[in-house]
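**Q** One structure coming up, written as structure tokens, with questions to follow.
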Amino acid sequence: MSAFDYDLFVIGGGSGGVRAARVAAGETGAKVALAEEDRYGGTCVIRGCVPKKLMVFASEYRDMPATARAYGWDIADGQFDWTAFRTKLNTELDRLEEVYRKLLKGSGVETFDARATLKDAHTVKLSTGEEKTAKHILIATGGRPQRPDMPNAHLGMVSDDIFHLDKLPKSVLIVGGGYIACEFACILHGLGVKVTQFYRGAQILRGFDDEARGLIADAMKGRGIDLHTGTTIVEMHCVGTPEADAMGEAPVDDVQYGQPEQEEIGSGPVRVKATNGTIRDFDAVFFATGRVPNSDDLGLEALGIEPGRNGAIEVDEYSQTKVPSVYAIGDVTNRVNLTPVAIREGMAFVETVFKGNPTPVDHELIPSAVFTQPEMGTVGLTEEQAAEQEEIEVYCTSFRPMQMAFVDAPDRVLMKLIVSKANRTVLGCHIVAPGAGEMIQLAGIAVKMGATKEDFDRTVAVHPTMSEEIVTMRNPARTR
Ligand code: NDP
């Protein structure tokens with residue numbers, strides 16, 4: 001009989017926590033409990049990947065009537081009904097949350113709809129007042145969006161707010177140039193919102209392959225997104241307040257309605273002064289300026305676990321903190337903040353702690369996608385990173401895909417392989433194309449297996465497709 005109430009207590013019911021809890025309980029017979037203070041499914045299911053992807057699908061229909069007409073269909077443009085979509089979205093999220101609850105129940109995990117904090121190395125305190133002991137505690141509390149540190153930043157919304165809007169803004173200023181900023185710039189543009197984007201750096205999607213990010217920036221501008229690089233907000237106030245009046249007048253074609261008397265979130269429109277000196281009014285401002293780990297007020301400091309840079313819980317390759325009974329996985333550790341990575345970390349934790357098979361988390365060669373329009377799929381090193389490391393050959397091709405060339409649309413796709421000159425290994429693969437997320441999952445297997453350029457060449461093309469170009473590039477575009 002164990003001295004503890006549970007073998008494992010998981011704090012956080014997102015992708016990583018739920019997977020670890022149900023695999024530990026279901027596959028090893030461990031006695032497991034999980035506490036979640038909000039909705040089951042966490043960021044990915046409730047306010048991230050899933051609702052975002054459904055919004056991507058919704059937004060992609062905007063151009064379809066025009067394309068269909070060019071293919072001979074007699075079809076008219078339509079109007080997007082946000083209320084109808086949001087109602088259906090909420091129903092779907094309710095369904096998925098229920099699936100998560102059922103999965104936990106079906107695996108024998110006891111759940112607490114409460115906030116949990118650590119009292120000591122083996123005790124969890126719940127907001128209900130109860131205390132539970134466990135041999136192991138797993139922190140999987142995820143992260144949250146952060147606003148920039150500037151006056152009136154509370155006037156801007158963050159990604160969590162998007163899914164709850166009563167109506168879509170007529171115009172929005174998106175601040176940031178990362179995944180969330182670029183994805184929502186494309187989504188909101190596709191849903192009919194007039195989108196302006198400010199990014200403080202020289203080019204959006206910092207960290208991705210330069211050529212790929214350049215093509216996406218061009219495509220976004222080509223679609224009508226008013227993207228300004230090297231630009232950020234220096235001052236913002238609600239339109240109609242004396243402070244906004246003192247900033248000067250915005251151009252008349254900017255959105256102006258509603259005259260709030262005090263500054264509140266979402267009470268827009270908001271008058272913004274940019275670093276380039278322009279004054280503009282926007283119906284809404286959306287900060288996509290990064291995320292921070294949810295490590296506050298968890299009781300970590302009392303245990304001697306000092307959150308590191310940005311509040312991340314520091315762990316070793318087995319996701320163990322410096323307190324041996326306490327582990328942490330997912331975005332709260334700020335390693336690679338992606339759902340499938342949190343799930344992998346959860347599985348590796350169970351393997352290590354409950355199956356007696358020490359399994360370090362493999363963070364090498366993780367494929368990922370950015371759901372802009374067009375999408376980007378990427379795995380491995382960028383051209384710039386690879387060239388720093390060794391001599392490389394760059395194989396790339398950019399072309400108008402057949403489907404779009406037929407209707408004379410300007411969209412271009414990019415297929416790119418970065419190859420080691422020394423041993424011919426494909427060090428990186430970057431695809432910008434409709435469906436690039438689907439393509440890179442499969443290319444990722446080859447790259448993870450250590451495929452050489454010749455392995456790609458030996459593979460017969462699937463014709464006619466866009467992705468066949470990935471196996472038909474004969475000569476390097478350049479060597480570095
Ligand atoms: P990112 O870290 O990707 O981007 C943050 C952006 O905000 C950067 O462009 C950054 O600029 C800018 N920024 C930060 N602080 C400020 C500031 N004070 N003023 C102006 N600009 C600022 O974060 P996201 O929020 O976009 O995404 C968080 C994480 O979520 C991602 O890293 C990713 O792991 C995950 N995610 C994955 C998705 C996917 O797989 N498709 C989709 C969405 C999120 P700079 O570049 O100069 O630092």
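**Q** Anything in the range 166-179 that is touching a strand residue (DSSP E or B) at 6+ places or on another chain (Cβ under 8 Å), touching a residue at least 60 places away in the same chain (Cβ under 8 Å) and more than 10 Å from Phe286 (Cα to Cα)? List them, or say none.
**A** Hits for the range 166-179 are Pro169, Lys170, Ser171, Tyr179.
**Q** Turning to a different aspect of this structure: Quick one: in the range 287-314, which of the residues that are within 13 Å of the ligand (Cβ to nearest atom) and touching a residue at least 60 places away in the same chain (Cβ under 8 Å) is farthest from Tyr179 (Cα to Cα)?
**A** Step by step, filter the range 287-314, then rank; the result is Pro293.
**Q** When you scan the range 295-306, how many residues do you find that are surrounded by 13 or more Cβ atoms within 10 Å (Cβ to Cβ) and in contact with a helix residue (DSSP H, G or I) (Cβ under 8 Å, 6 or more places away or on another chain)?
**A** Qualifying residue count, the range 295-306: 1.
**Q** Any chance the range 165-176 includes a residue that's within 9 Å of the ligand (Cβ to nearest atom), surrounded by 24 or more Cβ atoms within 10 Å (Cβ to Cβ) and on the phi < 0 side of the Ramachandran plot?
**A** yes
**Q** While we're here: Looking at the range 411-448 only, could you name the residues that are within 27 Å of the chain's Cα centre (by Cα), more than 16 Å from the ligand (Cβ to nearest atom) and farther than 14 Å from Glu468 by Cα?
**A** Asp411, Arg412, Ile418, Val426, Leu427, Gly428, Ile445, Ala446, Val447, Lys448
**Q** Can I ask one more? What number of residues within the range 306-338 satisfy the criterion of being modelled with pLDDT of 95 or more and part of a loop (DSSP other than H, G, I, E, B)?
**A** Qualifying residue count for the region: 19.
**Q** Shifting gears a bit: Test of understanding: among Arg344, Arg400, Arg335, which residue is within 16 Å of the ligand (Cβ to nearest atom), among the basic types (Lys, Arg) and free of Cβ contacts under 8 Å to residues at least 24 places away in the same chain?
**A** Step by step, each of Arg344, Arg400, Arg335 is checked, and only Arg344 is within 16 Å of the ligand (Cβ to nearest atom), among the basic types (Lys, Arg) and free of Cβ contacts under 8 Å to residues at least 24 places away in the same chain.
**Q** Can I ask one more? When the residues of the range 429-456 are narrowed to those that are charged (D, E, K, R) and surrounded by 14 or more Cβ atoms within 10 Å (Cβ to Cβ), which ends up farthest from Ala477 (Cα to Cα)? Reasoning before the result, please.
**A** Residues of the range 429-456 charged (D, E, K, R): 438, 448, 453-455.
This time we only want the ones that are surrounded by 14 or more Cβ atoms within 10 Å (Cβ to Cβ), so: 438, 448, 453, 455.
Working: Glu438: 25, Lys448: 24, Lys453: 14, Asp455: 19 Å.
Among those that are charged (D, E, K, R) and surrounded by 14 or more Cβ atoms within 10 Å (Cβ to Cβ), it is Glu438.
**Q** Which residues, counting only those in the range 133-150, are under 17 Å from Phe354 (Cα atoms) and within 15 Å of the ligand (Cβ to nearest atom)?
**A** Across the range 133-150, there are no qualifying residues.
**Q** Which of the residues that make up the range 185-205 are more than 22 Å from Lys273 (Cβ to Cβ), touching a strand residue (DSSP E or B) at 6+ places or on another chain (Cβ under 7 Å) and either near the ligand (Cβ under 9 Å from one of its atoms) or assigned to a loop (DSSP other than H, G, I, E, B) (or both)?
**A** The answer is Gln203, Leu205.
**Q** Could I ask something else about it? When only residues in the range 405-424 that are of a type in the set (Val, Ile, Thr) and surrounded by 17 or more Cβ atoms within 10 Å (Cβ to Cβ) count, which is nearest to Val56 (Cα to Cα)?
**A** Once the filter is applied, the top-ranked residue is Val413.
The values are calculated or read from the model by the stated rules, or taken from the named source; none is laboratory data. The shown structure was predicted, so the numbers you read here are calculated from the model rather than taken from an experiment. All Cβ positions, glycine included, derive from the backbone under ideal geometry; neighbour counts span all protein chains shown.
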